[in-house]
Amino acid sequence: MSTRRTELTRQAARLFAAKGYHGTSIGEIAAALGVQKGSLYAHIESKQDLLYETMLEGAQAFHGGLDAIPDQLPATEKIRLALRSHLRVVADQLDVATVFVQEWRYLEGERRDEILRERRRYEDRIRGFFREGRDLGKLRTDLDDATAALLALSAANWAYTWLQPGRDTDELADSFYELLVDGMRGYATPPA
């Protein structure tokens, strides 16, 4: 992607995060770049292009964090590192994370379907860590992995609304981990 296109996408993400997709006009994006509205169309076909590119960037960032977690680690450590990664993405790419969590519903057609698949795939990967922990007897044997994943992601996803700049996200993720996972460990029994 060209430098200009990257800057265009960044400015759009910033505005979408602050004002929402529908609350942001092409004219405002052009003004943020210091160009005429018509000149944006040399880089994009529509505002949808910018929303889609922001969503792709978010999906890549969130999945990239999970990709870096070694498979051989214990499931509970994978959960801790997944929470760290998730909060780090929110802190480091706040605009992209905000748009990824809030504005995806405004995508249309195949692009929407693609991003929904990526969101589900991310949730499934997190869910797999909880399932693995349960199946190996490291978490409660009656743990519903889908509910556990949704709880963890719900807490982490909303960080864009309250995360303070400069906050140590690893420390925060470890606190989330302790509250979530230690409560899920209480009734674990070794597998038969």
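The values are calculated or read from the model by the stated rules, or taken from the named source; none is laboratory data. None of these values were measured; they are calculated from a predicted model. Positions of Cβ are generated from backbone atoms using ideal geometry, with glycine treated the same way; all protein chains shown enter the neighbour counts. These area figures cover heavy atoms from the full protein model, side chains too; ligands, DNA and RNA do not enter into them. Shrake-Rupley method; radii C 1.70, N 1.55, O 1.52, S 1.80 Å.
So the values come out like this:
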quantity: Some residue of segment 42-49 being in contact with a helix residue (DSSP H, G or I) (Cβ under 7 Å, 6 or more places away or on another chain), within 26 Å of Thr169 (Cα to Cα) and open to solvent by 40 Å² or more (accessible area, probe 1.4 Å); calculated: no
quantity: Any pair with Cβ under 6 angstrom, 6 or more apart, that starts in segment 82-96 at a residue that is more than 15 Å from Ala152 (Cα to Cα) and open to solvent by 50 Å² or more (accessible area, probe 1.4 Å) and ends at one that is among the small types (Gly, Ala, Ser) and assigned to a helix (DSSP H, G or I); calculated: Gln93/Ala61; Asp95/Ala13; Asp95/Ala17
quantity: Filtered residue count, segment 126-182, keeping only those that are in a helix (DSSP H, G or I) and either among the basic types (Lys, Arg) or touching a strand residue (DSSP E or B) at 6+ places or on another chain (Cβ under 6 Å) (or both); calculated: 3
quantity: Matching option when the condition is without any contact (Cβ under 8 Å) to a residue 24 or more places away in the chain, among the β-branched types (Val, Ile, Thr), part of a helix (DSSP H, G or I) and open to solvent by less than 70 Å² (accessible area, probe 1.4 Å), among Ile29, Ile115, Ile79; calculated: Ile29
quantity: Residue in segment 137-151 that is surrounded by the fewest Cβ atoms within 10 Å (Cβ to Cβ), counting only those that are touching a helix residue (DSSP H, G or I) at 6+ places or on another chain (Cβ under 6 Å) and within 17 Å of Leu73 (Cβ to Cβ); calculated: Lys138
quantity: Tally, over segment 1-26, of residues that are in a helix (DSSP H, G or I), open to solvent by 40 Å² or more (accessible area, probe 1.4 Å) and not small (Gly, Ala, Ser); calculated: 8
quantity: Options Tyr106, Tyr177; residue that is over 30 Å from Glu53 (Cβ atoms), open to solvent by 20 Å² or more (accessible area, probe 1.4 Å) and in contact with a Leu (Cβ under 9 Å, 6 or more places away or on another chain); calculated: Tyr177
quantity: Residue tally, condition free of Cβ contacts under 8 Å to residues at least 12 places away in the same chain, part of a helix (DSSP H, G or I) and under 25 Å from the mean Cα position of the chain (by Cα), over segment 32-57; calculated: 1
